[in-house]
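Participant: Can you keep this structure in mind? I'll have questions shortly.
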Amino acid sequence: MSSPMKIVSSVILLFILLSSCRKEIPPCSGNCSQIVFSGVVLDKSLNTPLPNQNIDIKLHQIASCLICSFDVIGTAKSDANGNFSVATSFDTSLLKKYFILVTATATANYIYYPRTIPAGDTEIPKISTSLRFDHLDTTAFKQLQFGFYPKILLKINMHRVSDIIPDYPSISQSYEYDNHTAVGGFLQNPANKDTTLSIYTTTNIFTRIITYKATIPANVAIINDSIMCKAGINNSIDINY
């Protein structure tokens, strides 16, 4: 058994190794350039402006390390028209060792992909999406676009109307809108023909639900359903499988 001292020493060594990847980015000097990053954040369900979303622009280190350094070179929030603009100066020669990452982070009532909800869990982390640039592209920097989808709860009421194949008790599902997909499912319960699943999806766009159920060995029944969820109501769908 390892002694407490050896364990502490290992933790300290690991911390040193991880910390060795952290480096200070040199200050802007002879290669200093002012770069403008601008674009728009949209509510993709309606293709309308999405205000008050956070934008971060970072230089990320390109290195073989567990924790690589980064430096925030600009921040902004989208305005009432969904637009944002950030003017920042940095040493562009750093792009030999760093890349630029522009990230939009949505407020908690927006999502990007559909999301399954474990029983009793109603919270999801804030969602981010990023654009990476390995070289200077001042035209692309001024045409940035991000999109998020309003989050809404959907109850999927599953009703078993056929026998369970004992060797294949799992029901698999996929949930899709606007080419954004998540997967889920459950184990069939012989004592319960009704099962309710919860997912977060979006409004004003059809959510496609595909259910896969084994009927006999080597054969799978595929059931297609869809629903367009609306804000301000309890959204649910019944599926027989």
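The values are calculated or read from the model by the stated rules, or taken from the named source; none is laboratory data. In this text, all values refer to a predicted model and were calculated from it rather than measured experimentally. Counting neighbours? That spans all protein chains shown, and the Cβs are built from the backbone with ideal geometry, glycine included. Surface accessibility is based on the protein's heavy atoms, side chains included, excluding ligands, DNA and RNA. Shrake-Rupley method; radii C 1.70, N 1.55, O 1.52, S 1.80 Å.
Participant: I'd like to compare 42-49, 141-148: which one has the highest average count of other Cβ atoms within 10 Å, and what's the full order after that?
Facilitator: On the way: 42-49: 16.1, 141-148: 17.6.
In descending order of packing, they fall as 141-148, 42-49.
Participant: While we're here: Rg to Rh ratio, segment 44-155, alpha-carbon atoms and Kirkwood radius?
Facilitator: Value, to two decimals: 1.03.
Participant: Obtain the nm distance between the two label points defined at Lys77 and Ser33 by a simple spin-label model: each point lies 7 Å from its Cα along the Cα-to-C-beta direction.
Facilitator: About 3.1 nm, to one decimal.
Participant: Another question about this same structure. Computing the accessible area with a 1.4 Å probe over protein heavy atoms, can you report the carbon and sulfur percentage for segment 113-199?
Facilitator: Carbon and sulfur atoms account for 48 percent of the accessible area of segment 113-199.
Participant: Ok, one more. Roughly what would the spin-label model give for Lys193 and Asn224, points 7 Å off Cα along C-beta, in nm?
Facilitator: For the pair Lys193/Asn224, the computed spacing is 2.8 nm.
Participant: Find out how many positive minus negative residues lie around Tyr110, taking Lys and Arg as positive, Asp and Glu as negative, among other residues whose Cβ is under 12 Å from that of Tyr110.
Facilitator: Numbers: positive: Lys44, Arg115, Lys126, Lys151; negative: Asp43.
The answer is +3.
Participant: Given an 8 Å cut-off on Cα distances and at least 6 residues of separation, report the relative contact order of segment 75-232 as a percent.
Facilitator: It rounds to 22 percent for segment 75-232.
Participant: Give the cross-link partners of Lys213 among the aspartates and glutamates, using a straight C-alpha distance below 20 Å as the criterion and excluding same-chain residues fewer than 8 apart.
Facilitator: Asp163, Asp167, Glu176, Asp194, Asp225, Asp238
Participant: Now, a different point. Taking the Cβ of Tyr200 as the centre, find all other residues whose Cβ is under 10 Å away and add up their charges (Lys, Arg: +1; Asp, Glu: -1).
Facilitator: +2
Participant: Straight-line reach from Lys142: which lysines fall under 24 Å, measuring Cα to Cα and dropping same-chain residues less than 8 apart?
Facilitator: In chain and number order, the partners are Lys44, Lys58, Lys77, Lys96, Lys97.
Participant: Can you give the FRET efficiency for Ala140 and Asn179, using 1/(1 + (r/R0)^6), R0 = 22 Å, r = Cβ-Cβ distance, to the nearest 0.05?
Facilitator: Computed FRET efficiency for Ala140 and Asn179: 0.50.
Participant: Put a dot 7 Å past each Cα toward the Cβ at Ser85 and Phe99; how far apart are the dots in nm?
Facilitator: 2.9 nm
Participant: Would you mind getting me the FRET efficiency between Ser172 and Ala231? Use the beta-carbon distance for r and R0 = 35 Å, nearest 0.05.
Facilitator: Step by step, r from the Cβ atoms, then E = 0.75.
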